[in-house]
Each structure stands twice: as structure tokens, then as C-alpha cells.
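Novice: Structure incoming, see below.
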Amino acid sequence: MPTPMEIFKLLPKTNCKICGEQTCMSFAFKVITRERKLEDCKPLFDEEKYKKQLEELINLLEPLEKATETGLIVEEDLCTGCANCVVVCPVHASEDPYGMGSGKGPTIENPILLIENGVVKVINMLLCRRYGKERILCVACRENCPTDAIRFLEE
Amino acid sequence: MLIQATCAGCACLCDDIVVEKNGEFKVKNACRRGAGIFLNYLEGRAKPSINGETSSLEEAIERASEIIADSKKLAVYGMDTITLEAQKLAIKIAEKTDAFIDDCSSFCLGNFVEACLRGEIPTTTLDYVRDNAYVIIYWGANPVHSSPRHMSRYSYFPRGKNRQRGYEEDRFLVVIDVRKDHTSKIVKKNEVFIEPESDAELIDSFVKIMEGKAAKYSGEVAGILREIKKGDAVVFGGLGLRYGLEGDFKKFYNLLRKLNEFSKVYFIPAGFHSNMRGFNESLFEKTGYVNRYSFGEQTSRKEFEFSKLLTSSIPDTTLIIGSDPVNSLPFDVSMHLSKINTITIDPRRTFTTEISDVVIPSSISGVENGGTMVRSDGVKIKLNSVFENKFDDTYILERILERI
Ligand code: SF4
Ligand code: SF4
Ligand code: SF4
Ligand code: SF4
């Protein structure tokens, strides 16, 4: 994951506030926490002289793009589809005790994770405990993945 | 349209697979290996052929029947991925021709299945494990590779009737293996990983600690025994254990019996082909043996193991069903296949179909034909067909049986 400093170094550093932030540094922070998008920094895109920096920034932020809003990233290539993550998820266990909580496929409409075509898919992160205002730092799915296919953005 | 299916990718026989056929072809709940069987079912399919020349299916069946009828010593091999119904027909063919019959269980987990069938060791079902077992021991088994959903569906992770609080409180995991692998990676807090130099030594440690003596692995073993006292335990034994025992199965079975004086400890073999246990059970029912059987001599012997028969040039013809010995056996063994009549029935092109005199393509069990298979714990599971293909193993074997 890129650090705010690495992002900052590639920004225009003019503190022009067009993005809605007071400083480029605070903008850099918010890009990582996903409260701002790179596109909000208009000068970066409009002015030719930032072209190279922009390219570098896009590369740097690529992993961020893959992450869901809970900061959960799945490396599909590593995933074996074992469903450990699906079964251990405490939300699944309480919402679907006889389906996913008991080791089987989901019997509820919109689980957080499910196994499709042999790999895990994140389909409803709204239910994830890492999401929203009262979030808690649950790591159950990541901790029980045998192949390290799950990562969290901030770790 | 959603179709309920059973995956025949391994002996877990997961029966909660959902296949979406309309529009985009999707497979839900199956692991990567299982999903691949459905998604790629049309790839690499075998075609009927005789001496390398394409033929019709009927011609190939006809030619195979002639060769079998003319053969003096037939060896029937494979059958671990076909249905019980087809296995029974293959056994009939072997019986009718006084043939040898064997499957890969003779170098896989046949001994363990046999001990379960003979009642030599206490065993149970995976459903019982999910509902009740507290201590889950994987010994020389690597479910992450051999049966990817084993842990999430039946053992450590799912909640069960009397194990409602989940793995963190209601299960205790033990992984015994010669090296750290993906399965042992999951072993963290509240769990034990043992990397024994020899399985025999570890077994001795268990016995000694139970007798109150000092032993090599006393720390780990005493801890495990403490947990076993708290609730039912199950040992999943895999290929690593089978070979680690170096032929001394008794030693391990004695340990299991001794552990049962102490608490409830069950054994279930883990990590093999979808219906290997079905083959063992069918042959056992018929002959009292699980593999390496000769209908000619009416007994089972080590020398009747398929690879040993080949190297001693005993059979003049082999009928291989749903197995790829050219790929799985050492070359100096499988090269003998090129010297005898080889008939192969398989849904896909394999190394073995490539060198066979007659190739008869069949359908893929669980994808194109239904039937029954036996899960690793001995429970019969029904398969469904998702796509239609009436030329399955049963059809082919019935035709051959009629003609010999
Ligand atoms: S718009 Fe860009 S240059 Fe202006 S303050 Fe924001 S980040 Fe800095
Ligand atoms: S972080 Fe926790 S709540 Fe979110 S998906 Fe993973 S296990 Fe479920
Ligand atoms: S636990 Fe890991 S390997 Fe298993 S399904 Fe989840 S992401 Fe894939
Ligand atoms: S664990 Fe075995 S039976 Fe279950 S989906 Fe995977 S390959 Fe198929």
C-alpha cells in the first residue's frame, strides 16, 4: 500500500484547495482512506506538466482500486475456493446459521462473501463488520484463509 | 435455471452445489477444483477409437468386448471416479472373466477403509463430526489440497448441533504433518501443530503418556490428551499417515483403541478420489476384500496389485475405467501397458487414452450423469446430472457385459 507521503510527493503541492481540501497533504490522506478520489484534484488532470506524476499516481493507487469499501482485497489467483472465509464470518454465522454458518452454501439473499466459479466474491460489503460508522476490526476471514488470498488494505 | 448438483471432485461429495445454466454459466459453492469440473466439462474430451483410428462408440464397445472375451488374463483397474452402479457392473465383468480387479486404494487409503469396514477401528460420519466433535486431528492429511472444503464443511469451522459457538471456543485443532503446509498455517491460537520425525515415535509418545511415562513429544501430546478428555475427538488420516506407518497399521489401530479407553476418539480416512470408498465397499460386499482381488484365485494378495501385475507381465489385457495410470504410476510400470491390450473408458483424453488400443468415451459423473457415490465416511450420496449424456459408464459397461 502507498503511504500518504508517497502520494503527496506526486501531487501538485500548490494547496490550491480545488479538491475541497485545505492542503495537498490532507488530500493525500483522504485518497488513501477513500474519502477523496484522485480525479478531485483537477489541476493534476488538466495541466500537461503533471502528466508523468499522474501516471505514477495511477500506478501507485492500483491496489486501492481493487479493494472493496471495507478495505478487503481478494487475490483470486491464490484463492482455492475452500470457503473457510465464508463459514467463519461472524455475520454469516448469525444471519445464516443453518446455511453458511453450518458449512454449506448461503441460504440468505445477499451474503458478504460467496464462492462463485471456484473463487470467493465480495458481493455485499455493507454487512461486513469493518464497514460503516460502528465498525470493528474483524479479521476472521483473513485469519483463516490457508493461502493468504485475503488482505486488508490498511495492514 | 438453477440446478442443484453434487460435486464429484473428491470424496467430500459436496451436495450443495448450485449451477446456473441460462445465460452466463455459473457454479456456486464448489471449490476451485470442483467448479473447474463443471465449467470445463467440454474440454479435452475423449473420442472413440480403435488402434488410434477414430471409430463410432458402438464399434469401440464391440471391439473392447471382443478383446475381453478373447483375453486369457484380464486386469480391471481404476473405477474410483465412477458411480457405485457402474462399479458393480465392472466387478461383474471381472467376475465373469475370472479377472484381477484393483483400484488406486491399494497404494492410497484402502487399508484405512478396510479397517473401518471390518470394525477394527471406531469410525463415524462427517455429520456426527460437525455436530459433536471437539478435537479435530488431521494426521498426514492436507485437506487444503486434497479436499478443499473438508475443514469448512465438516470439521473445524462449521457450527453444529452441539458445537454452536464456532471454532474459536467449540473446537480444538491438531495438525500433524512432516512439514508446514497450507493446512498447518491455519493452526494458530488454541491449537497444536506437530512436526514429528516419525509417526511411530509419536504413536509411542501417546501410549507412554497415557501410561503415565515420559515420552519424546510429551508436551504436545499431554496437551492434546487434556483436550480429548473434554469432548469427542476425530482423527482424519491421510496419505502422509499411511506411508508414515511404514506398513505397521496395527500400531496405529492399537493407539486408537487405547485412546478410546480414555475418551471417544473416531477415525475417518481423508483425502482421496470421489468414489474410492464406494469401490472398496462394493468389492468388500462381494468378496470380503477391498482391493487387489483375483476372481480366478478367489482371494486378495499383495501381488495382485495392478502395478505388480503389470511389472510381472501377468495380464494380457487391461480394462481401465476412469483412471490415468500412465500419469499416476511410475513409467517403468506403466510402460508395460503398451505391450498388452489396453482398453480405456474415460470422459477425457489422458496419457492413458493416448496409448490405449481401444478408447471408449464416457460421461462425467455428477455433470452429465447421476448415480450414487460413497463419501469418505461411508455415507451414500446421490449425484445429479446437469447436462444430458446417456452414454455413461453404466451404459458402456452393460453393453460389454452383455457381449462377453
Ligand atoms: S486540488 Fe490538487 S493541487 Fe489543489 S490542493 Fe487539492 S491536491 Fe493540492
Ligand atoms: S471482516 Fe469479518 S465481518 Fe467482514 S467479511 Fe471478514 S469475517 Fe466477515
Ligand atoms: S479462505 Fe481464502 S482460499 Fe478459502 S475461499 Fe476464502 S479467500 Fe479463498
Ligand atoms: S471439496 Fe471436493 S467435492 Fe467439495 S466442491 Fe471441492 S472438489 Fe468438489
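The values are calculated or read from the model by the stated rules, or taken from the named source; none is laboratory data. These numbers were taken from a predicted model, which means no experiment stands behind them. In this analysis, Cβ positions are derived from the backbone assuming ideal geometry, glycine residues included, and neighbour counts consider all displayed protein chains. Heavy atoms of the whole protein, side chains included, go into the accessibility calculation; ligands, DNA and RNA do not. Shrake-Rupley method; radii C 1.70, N 1.55, O 1.52, S 1.80 Å.
Novice: B:VAL174 fails exactly one of the following numbered conditions: (1) under 19 Å from the mean Cα position of the chain (by Cα); (2) more than 10 Å from chain A (Cβ to nearest Cβ). What is the number of that condition?
Specialist: (1)
For every residue, the table says whether it meets (1) open to solvent by 30 Å² or more (accessible area, probe 1.4 Å); (2) within 15 Å of ligand 2 (Cβ to nearest atom).
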residue: A:VAL87; (1), (2): no, yes
residue: A:ASP96; (1), (2): no, yes
residue: A:LYS104; (1), (2): yes, no
residue: A:GLU109; (1), (2): yes, no
residue: A:VAL122; (1), (2): yes, yes
residue: A:CYS141; (1), (2): no, yes
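Novice: Is it fair to say A:LEU114 is without any contact (Cβ under 8 Å) to a residue 40 or more places away in the chain and over 28 Å from B:GLN4 (Cα atoms)?
Specialist: In short, no.
Novice: May I pose another question? Do you know which of the residues in region B:112-164 that are under 20 Å from the mean Cα position of the chain (by Cα) and acidic (Asp, Glu) is surrounded by the fewest Cβ atoms within 10 Å (Cβ to Cβ)?
Specialist: Selected residue: B:ASP127.
Novice: How many of the residues in region B:331-355 are open to solvent by less than 30 Å² (accessible area, probe 1.4 Å), in contact (Cβ under 8 Å) with a residue 40 or more places away in the chain and not β-branched (Val, Ile, Thr)?
Specialist: Qualifying residue count, region B:331-355: 2.
Novice: Something else: Here's a check for you: in region A:115-130, which residue that is modelled with pLDDT under 95 and over 19 Å from A:PRO63 (Cα atoms) is farthest from the other protein chains (Cβ to nearest Cβ)?
Specialist: Filtering first and then ranking leaves A:LEU126.
Novice: For region B:50-75, enumerate the residues that are closer than 19 Å to B:ARG349 by Cα, small (Gly, Ala, Ser) and open to solvent by less than 30 Å² (accessible area, probe 1.4 Å).
Specialist: Selection gives B:SER55, B:ALA60, B:ALA64.
Novice: Among the candidates B:LYS88, B:LYS47, single out the residue that is surrounded by fewer than 23 Cβ atoms within 10 Å (Cβ to Cβ) and assigned to a loop (DSSP other than H, G, I, E, B).
Specialist: Residue meeting the stated conditions: B:LYS47.
Novice: What is the number of the single condition among (1) open to solvent by less than 70 Å² (accessible area, probe 1.4 Å); (2) in a helix (DSSP H, G or I) that B:LEU319 does not meet?
Specialist: Among (1) open to solvent by less than 70 Å² (accessible area, probe 1.4 Å); (2) in a helix (DSSP H, G or I), the lone unmet condition for B:LEU319 is (2).
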